[in-house]
1. State all residues of segment 243-279 that are at pLDDT 70 or above, over 30 Å from PHE18 (Cβ atoms) and among the aliphatic types (A, V, I, L, M); if no residue qualifies, say none.
2. Among the residues of segment 92-119, how many are among the basic types (Lys, Arg) and not in a loop (DSSP other than H, G, I, E, B)?
3. For segment 60-91, name all the residues that are part of a helix (DSSP H, G or I) and over 30 Å from VAL46 (Cβ atoms).
4. Taking segment 261-301 as the region of interest, how many residues are β-branched (Val, Ile, Thr) and over 30 Å from PRO89 (Cα atoms)?
5. May I ask you to list pairs of residues, at least six apart or on different chains, whose Cβ atoms are under 6 Å apart, with the first in segment 153-178 being more than 16 Å from VAL121 (Cβ to Cβ) and surrounded by 13 or more Cβ atoms within 10 Å (Cβ to Cβ) and the second being at pLDDT 90 or above and not β-branched (Val, Ile, Thr)?
Amino acid sequence: MKKIPIVQTIVAAYRFAFADLGTVIGLIWLPLILYTLGRFFVMNYVQGISNGDPSTGGQALLLLVGFSLVSLFLTAMIGVSLTRQAMAPRSSKVIAQFVIGPAEFNYFVALVVVFLIMIAVYVAAFMADFAVAGLKDAITAMIGQLIGQRTITLATVAIVGALDLAILVYVGVRLAFLVAPVTVVEGKIDLRRAWALSRGNFWRMFAVFVVTVGPIFLLGECAFAVIAGPDYVASFFRAFVAIMEAVAVGAPPPTQLLDNLPDIASKTPLLLGINFLLAPFSYGLMFAAPAFSYRAIVGNTQITNTPDLGGPFRPA
């Protein structure tokens, strides 16, 4: 299996996201606006119907699940457009694009299947943790008097958490990294093909993902911390530490601490605005890197950048 050139792929992804920023914006701004507005109104509505009325929890959950599916489909639309552009750049400018066609539906279904597989992997890892818990009890019985039960528990929680995270990251990268180009270029839903193409390239794909998406993610998190304020960040950190300590000693997690976080609902428009501004860079890097990685593995592929137009806007 061919290897992904890490440096060349990263450079090509950044060139695509920044040098072709105008085209990226033209391809994604319509779905992105729908997502941003939808998230604003849905979150406000859910918060409004949930305050002080436990009976509305089911309605709020149903609304959030429905919006999540819509958001995933909008992400599929963006992913298909950017993957096509990265694989077969068009010469003309794009003012707006809103395409609903077979490729978008295929990629949406592929994303749903990936999500379900990741849930299954998480559940399997969680069930395996019970075996580790039994091993912890045996170790505690043998050497607990020497180093202390709490130390053994904390070490076990840290090790198990790291292993669970490693499993999820490995499966997620192997399974999802090349799904977009496989779906768009080969015109089918084939997760086994995406998994096979990634063989021997995990660390390369992981490095590409971290270097491309990582900086934009950290920038967004820093912006969130500044906008939310130090009180919110400190309260969240204290709640997180308290929950982890409770898990370590086997006590019920004090989840009510998260309910007492400072209210930042008034800052939601600003937070959504920051995400909207960063989206062209994050989406551009997120989908360009797999597209160029796919080309490095498979070789030059013939792909047309004339999608099946099903929406009201056509590429200029």
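1. ILE264, ALA265
2. 0
3. Across segment 60-91, the qualifying residues are THR83, ARG84, GLN85, ALA86, MET87.
4. Result for segment 261-301: 2.
5. LEU178/ALA194; LEU178/LEU197; LEU178/SER198; LEU178/PRO290; LEU178/TYR294
The values are calculated or read from the model by the stated rules, or taken from the named source; none is laboratory data. The model shown is predicted, which means the values in this text are computed figures rather than measured ones. Reconstructed Cβ throughout: ideal geometry from the backbone, glycine too, with neighbour counts over all protein chains shown.
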